[in-house]
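These notes are about the structure you will find just below.
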Ligand SMILES: [Cu+2]
């Protein structure tokens, strides 16, 4: 009997996995909200309001007037003191302490006087 030592050469299959080949299969979510226009944000909407108040500060040459005004219904404003821009010509003859009736255009950030007149 011959014993043939059998040496099993184990063949290591060194499978090289260098170079990660991950599939780029990330799902890109469709952002439909981004495509939809945002209502009311496309353009500044100018609102017109009317009120009465007292002039607390005025600079005719700069075209600035500060009013302590009452409610302005059209803009849903409570009474407050705030500054407005105005054409200097509109402010001629008006001084601090005067009671005034006025109208403004409000663009969402700033108010511009369109009419202003002293009241008794
Ligand atoms: Cu105000």
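The values are calculated or read from the model by the stated rules, or taken from the named source; none is laboratory data. Model, not experiment: these values are computed from the prediction. Glycine gets a Cβ as well: all are built from the backbone with ideal geometry, and neighbour counts include every protein chain shown.
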> Picking from 60, 55, which residue would you name as being at pLDDT 95 or above and away from the ligand (no atom under 14 Å from the Cβ)?
Replying inline: 60
> Within region 60-75, can you find the residues that are touching a helix residue (DSSP H, G or I) at 6+ places or on another chain (Cβ under 9 Å) and surrounded by 14 or more Cβ atoms within 10 Å (Cβ to Cβ)?
Replying inline: 60, 63, 64, 65
> For residues in region 63-75 being over 25 Å from the mean Cα position of the chain (by Cα) and part of a strand (DSSP E or B), which is nearest to the ligand (Cβ to nearest atom)?
Replying inline: 69
> Within region 76-104, restricting attention to residues that are surrounded by 15 or more Cβ atoms within 10 Å (Cβ to Cβ) and touching a residue at least 40 places away in the same chain (Cβ under 8 Å), which residue is farthest from the ligand (Cβ to nearest atom)?
Replying inline: 98
